[in-house]
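Heads up, the thing below is written out as structure tokens.
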Amino acid sequence: MSLDEDSIHVEKLQLPHGVTAPDIWGQTKQQPATVSVALFLKGEGFHTAANKDELDQSTVHYGELAKRIRAANAAGQDVEDFVTAVQHCVETMATKANNNFILERVAIILLLPKATKYGKDVTMHYVIGYEDSGKIDRFIRYHEINEIKVMTLVGVNGYERKAEQPLEVDLVLLRWVEKEKGIFWPSMQSLAGLEEKAVEIIRATSFETLETLADHTAKQLQEQLLEKLFPDGCMLRLKISKPRAIAFADAPAVEVSRNTIKDARKCPPGGCEEPAGNVEDLKVVKPYA
């Protein structure tokens, strides 16, 4: 299989009206937003446009695409309606003469810098795959909260047991489908509590290692929130960084991925049995003991 692929990107396009979404207090309000789109072309990509050094039916005019996306953004538009409008713009421009559809997939990324209380931003990723005819055959969705700041007691050294220190947490929820099964996704309003719940869980801990903290946080998020929001399961990725731990590095970090999607779990050779023992069984030497 060839690894060659051509793609066209419009990155962080400013929107004239923003979108309506929950703010840091859980109230649905219009917020500033930027959108990025990446169009991945099927087959030989934009080779004829490249050979001729001019726009033709093998490519998409990114300037015209940007204009259409901005024009599709209406005052009071919510996230779902706006993303659907962007998808329509992309699919219309990717449909060429004789209904020739030139896309293999598209990624739409909506960034909301004011939708997080403790973090840097909230981003929503929509990845849509197409058959040769242009019919959708798969859909992947991410909800991501970046660089959540949390103060907590953590560390194995004696001096680390005396006071809280800052952590940075990245949270990603993912769900996908194939063909026409449809995709269930919680409302933006119901997802507004995700960040607060993660901070609440982490603040209440006093573990020594990031490994235990990450595993504990993932389990508690699943039990306290995600089982209700995603009755058919989801993929959770949780990364915890400790920026003050190593003087000459930005941060050490650990990351866990947990898949509870009922129809998509894959077992390694030998099956899915739980490993013998757990973290409490490990014998460690505590530097401050």
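Just so it is clear, none of the values below were taken in a lab; they were calculated from the coordinates. Being a predicted model, the structure only gives us computed values, none of them experimental. With ideal geometry, Cβ positions are generated from the backbone for all residues, glycine too; neighbour counts draw on all protein chains shown.
Which residues in the range 30-46 have a backbone N closer than 11 Å to a point placed 7 Å from the Cα of Lys114 along the Cα-to-Cβ line?
Under cut-off, by backbone N: 30-33.
Where does the Debye-calculated log10 I(q)/I(0) of the chain sit at q = 0.12, 0.14 Å⁻¹, using only Cα point scatterers of equal weight, no solvent?
Relative scattering, expressed as log10 I(q)/I(0), comes to -0.90, -1.11.
Could you check the simple spin-label distance between Asp56 and Thr260, using points 7 Å along Cα→Cβ, in nm with one decimal?
Modelled inter-label distance: 5.3 nm.
Could you tell me the calculated FRET efficiency between Asn99 and Ser36, based on Cβ-Cβ distance and R0 = 25 angstrom, to the nearest 0.05?
Values: r = 27 Å, r/R0 = 1.10.
After rounding to 0.05, the efficiency reads 0.35.
To the nearest 0.05, what FRET efficiency results for Ala247 and Ala204 with a Förster distance of 35 Å applied to their C-beta separation?
Working from the Cβ atoms, E equals 0.80.
Where does the range 131-220 land on the Kirkwood hydrodynamic radius, alpha-carbon pairs, in angstrom?
15.6 Å is the Kirkwood radius here.
Which of Glu196, Glu54, Glu223 moves the most in a Gaussian network model of the chain with Cα springs under 10 Å?
In this elastic network of the chain, the residue with the biggest mean-square fluctuation among Glu196, Glu54, Glu223 is Glu54.
Report, by chain and number, residues whose modeled amide H sits under 5 Å from the one on Lys29, excluding near sequence neighbours (fewer than 5 apart, same chain).
Under 5 Å from the amide H of Lys29: Ala21, Asp23.
With springs connecting C-alpha atoms under 10 Å apart, model the chain as a Gaussian network and identify which of Ala204, Ala38, Ala214 has the largest mean-square fluctuation.
Comparing Ala204, Ala38, Ala214 in a Gaussian network model of the chain, the most mobile one is Ala204.
If the elastic network links every pair of Cα atoms under 10 Å, which of Arg244, Arg258, Arg105 fluctuates the most in the Gaussian network model of the chain?
Comparing Arg244, Arg258, Arg105 in a Gaussian network model of the chain, the most mobile one is Arg244.
Give me the one-decimal Kirkwood hydrodynamic radius in Å for the range 1-134, with the sum taken over alpha-carbon pairs. Write down the numbers at each step before the final one.
Numbers: mean 1/r = 0.0630 Å⁻¹.
15.9 Å is the Kirkwood radius here.
So what J values fall out for the range 122-139 if you push phi through Karplus, 6.51 cos²θ - 1.76 cosθ + 1.60 with θ = phi - 60°, rounded to Hz, Gly and Pro as x?
Each residue's phi maps through the Karplus curve to give 10, 10, 10, 10, 10, 10, 10, x, 10, 6, 4, 6, x, 6, 5, 10, 7, 8 Hz.
Which value in nm describes the separation of the simple spin-label points at Leu3 and Gln224, placed 7 Å from the Cα toward the beta carbon?
4.3 nm
What whole-number distance in Å separates the alpha-carbon centres of the range 165-235 and the range 83-160?
17 Å
Which angle from 0 to 90°, rounded to the nearest 10, does the C-alpha axis of helix 210-221 make with the longest principal axis of the chain?
70 degrees
Which of Trp185, Trp25 has the fewest other C-beta atoms within 10 Å, and how do the rest follow up to the most? Let's see the in-between values first.
Details: Trp185 18, Trp25 8.
Fewest-to-most ranking of Trp185, Trp25: Trp25, Trp185.
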